Amino acid sequence: MRILAIETSCDETAAAVVSGPPPVIESGVVASQIDLHKKYGGVFPELASRAHTETIIPVIEEALEKADRNIDSIDAIAVTVGPGLIGSLLVGVNAAKALAFATEKPLIPVNHLEGHIYANFIDHPDAKFPILALTVAGGHTQLVLMKKHLSYHVIGKTRDDSAGEAFDKVAKLLGLGYPGGQIIERVAREGDEKRYDFPRGMMARSTRAQGHPEQGRRVGEGYDFSFSGLKTAVLYQTQKMSQDEIKKATPDLVASFQQAVVDVLVAKTIQAAREFHPRSIFLSGGVAANTLLRETLGMKVKQEFPDTLFVMPELLYCTDNAAMIGVAAVYRHKASAGGIASWEEVEADPNATLEPVTVAK
Ligand code: KG4
Ligand code: ZN
């Protein structure tokens with residue numbers, strides 16, 4: 001099975017050729033729009049959509065060329081249907097539909113968060129279930145339990161900002177630029193992470209809940225995240241300081257912020273692992289590129305669950321890409337889990353949740 005995958009949910013125009021399972025990435029092309037959005041300090045949706053329209057065809061052509069394939073040797077087209085920005089999603093979905101129609105090939109709709117999780121199967125196709133997957137992206141932060149392929153039980157998600165969003169907003173607030181994650185990681189290297197004790201959102205509640213099961217705690221309760229308080233705490237801290245003080249303290253501010261985010265993500269994942277006993281733990285999403293998160297979670301899993309496989313994608317498969325969409329599609333095709341559709345049935349869904357992707361009626 002060989003799939004041409006397309007991803008345009010946010011600000012990267014991406015295409016890849018993936019075969020399998022087990023998944024083999026034959027090619028992957030990602031055209032980033034970072035330079036376009038930089039001056040706005042975040043993604044400007046209309047510009048994103050226009051840029052996708054301009055780059056989608058060349059990106060698809062390049063992915064086929066790099067894989068040394070022409071469209072005839074492709075068995076199916078896959079595309080991200082959501083969640084994401086509607087104007088961005090529509091470009092990829094319509095390109096995929098047109099291609100599927102013209103070539104009479106099946107079209108496989110893929111959920112973007114499912115794609116992030118499936119990036120882990122590139123190097124570990126034999127990972128054992130149940131899998132506990134922490135996905136930390138720009139738009140979403142989720143803890144998901146998978147008992148088998150393509151089956152998702154969301155046990156925790158963010159109640160407000162995602163972790164990636166917090167990175168981006170704190171970077172913006174400190175005038176560090178966009179996108180925030182990588183910049184904060186770089187600046188934090190020079191800083192003291194113990195200087196500011198920023199709040200660890202929703203940790204107290206879940207710790208309490210865990211200590212007193214008689215209080216009527218439901219299974220899975222306590223795994224939600226909240227990062228907006230942390231972002232606000234950084235803002236309040238800077239409001240007490242002069243511009244000069246902020247400038248001097250920026251490495252300490254971002255190092256302390258980064259530490260707080262990582263502490264929460266790691267604590268919740270470990271807490272969930274204690275409850276659900278996964279045989280594999282997956283980390284994914286753009287924030288999974290963060291070295292402190294990768295190292296801290298990896299170390300804690302090794303310490304506490306030495307028999308559990310801990311997996312995270314290579315950096316290029318953490319941030320948005322189409323290879324991960326192709327990998328999920330390869331498994332969807334194998335299982336035909338409602339995932340194989342004719343082009344007429346596939347629609348963009350900006351609010352798609354991580355339930356099995358259903359096709360429009
Ligand atoms: O998965 P992704 O590329 O897009 C979405 O699905 O949203 O994630 C993008 C997010 C951004 O918020 C970005 O700041 C964050 O991932 N990010 C990082 C790092 N690299 C990207 N956050 C922390 N550390 C990094 N090294
Ligand atoms: Zn993403």
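The numbers here are math on the coordinates, done by the rules we state, and not lab data. Treat the numbers as computed from the prediction; the structure is a model and nothing was measured. Methodologically, a virtual Cβ is constructed for each residue, glycine included, from the backbone with ideal geometry; neighbour enumeration extends over all protein chains shown.
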Name the pairs: first residue in region 152-174 and touching a residue at least 24 places away in the same chain (Cβ under 8 Å), second residue surrounded by 18 or more Cβ atoms within 10 Å (Cβ to Cβ) and among the charged types (D, E, K, R), Cβ to Cβ under 6 Å, at least 6 apart or on different chains? G156/D224; R159/D224; A166/K231; K169/K231; V170/K231
Which number in (1) out of contact with any Asp or Glu (no Cβ under 7 Å at 6 or more places or on another chain); (2) over 14 Å from R2 (Cβ atoms) marks the one condition that D72 misses? (2)
(1) touching a helix residue (DSSP H, G or I) at 6+ places or on another chain (Cβ under 9 Å); (2) surrounded by fewer than 20 Cβ atoms within 10 Å (Cβ to Cβ): which one isn't true of H124, the others all being true? (1)
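So is Q142 of a type in the set (S, T, N, Q), under 16 Å from the mean Cα position of the chain (by Cα) and surrounded by fewer than 21 Cβ atoms within 10 Å (Cβ to Cβ) or not? Working first, answer last.
Values: of a type in the set (S, T, N, Q): yes; under 16 Å from the mean Cα position of the chain (by Cα): yes; surrounded by fewer than 21 Cβ atoms within 10 Å (Cβ to Cβ): no.
Answer is no for this residue.
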All but one of (1) surrounded by fewer than 19 Cβ atoms within 10 Å (Cβ to Cβ); (2) more than 14 Å from ligand 1 (Cβ to nearest atom) hold for K172; state the number of the condition that does not hold. (2)
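Step by step: first the residues of region 127-139, then only those that are within 16 Å of ligand 2 (Cβ to nearest atom) and buried (at least 21 other Cβ atoms within 10 Å of the Cβ), then the one that is farthest from E314 (Cα to Cα). Which residue is that? Break it down stepwise before answering.
Residues of region 127-139 within 16 Å of ligand 2 (Cβ to nearest atom): 133-139.
The next check asks that each one be buried (at least 21 other Cβ atoms within 10 Å of the Cβ); those that pass are 133-138.
Numbers: A133: 16, L134: 15, T135: 14, V136: 15, A137: 15, G138: 18 Å.
Ranking the candidates gives G138 first.
Can you tell me which residue in region 1-57 is nearest to the chain's Cα centre (by Cα), limited to those that are hydroxyl-bearing (S, T, Y) and buried (at least 24 other Cβ atoms within 10 Å of the Cβ)?
Step one: of region 1-57, the residues hydroxyl-bearing (S, T, Y) are 8-9, 13, 19, 27, 32, 40, 49, 53, 55.
Retained after the next criterion (residues that are buried (at least 24 other Cβ atoms within 10 Å of the Cβ)): 8-9, 13.
Working: T8: 13, S9: 11, T13: 15 Å.
So the residue we want is S9.
Quick one: which of I86, I155 is surrounded by fewer than 18 Cβ atoms within 10 Å (Cβ to Cβ), farther than 20 Å from G298 by Cβ and aliphatic (A, V, I, L, M)?
On the way: I155 fails: surrounded by fewer than 18 Cβ atoms within 10 Å (Cβ to Cβ).
None of the others qualify; the one that does is I86.
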Checking L99, L85, L107, L89 in turn, the sole residue that is touching a Phe, Trp or Tyr at 6+ places or on another chain (Cβ under 9 Å) and either within 20 Å of E12 (Cβ to Cβ) or within 14 Å of ligand 1 (Cβ to nearest atom) (or both) turns out to be L99
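On the basis of being part of a loop (DSSP other than H, G, I, E, B) and out of contact with any Ser or Thr (no Cβ under 6 Å at 6 or more places or on another chain), does R50 make the cut?
Numbers: part of a loop (DSSP other than H, G, I, E, B): no; out of contact with any Ser or Thr (no Cβ under 6 Å at 6 or more places or on another chain): yes.
No: the conditions fail for R50.
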Is there any pair with a first residue in region 106-119 that is more than 17 Å from P350 (Cα to Cα) and a second that is among the small types (G, A, S) and part of a strand (DSSP E or B) whose Cβ atoms are under 6 Å apart and which are 6 or more apart or on different chains, and what are they? P106/A76; L107/A341; I117/A133; I117/S284; A119/S284
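For region 25-42, what are the residues that are touching a helix residue (DSSP H, G or I) at 6+ places or on another chain (Cβ under 9 Å) and closer than 19 Å to I325 by Cβ?
Of the residues in region 25-42, the ones touching a helix residue (DSSP H, G or I) at 6+ places or on another chain (Cβ under 9 Å) are 25-31, 33, 36-37, 40-42.
If the condition is that a residue be touching a helix residue (DSSP H, G or I) at 6+ places or on another chain (Cβ under 9 Å) and closer than 19 Å to I325 by Cβ, then I25, E26, S27, G28, V29, V30, A31, Q33 are the ones that fit.
Residues checked against (1) small (G, A, S); (2) within 16 Å of ligand 2 (Cβ to nearest atom); (3) not in a loop (DSSP other than H, G, I, E, B):
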{"position": "H149", "(1), (2), (3)": "no, no, no"}
{"position": "D160", "(1), (2), (3)": "no, no, no"}
{"position": "E165", "(1), (2), (3)": "no, yes, yes"}
{"position": "D168", "(1), (2), (3)": "no, yes, yes"}
{"position": "L176", "(1), (2), (3)": "no, no, no"}
{"position": "G181", "(1), (2), (3)": "yes, yes, yes"}
{"position": "R186", "(1), (2), (3)": "no, no, yes"}
{"position": "G191", "(1), (2), (3)": "yes, no, no"}
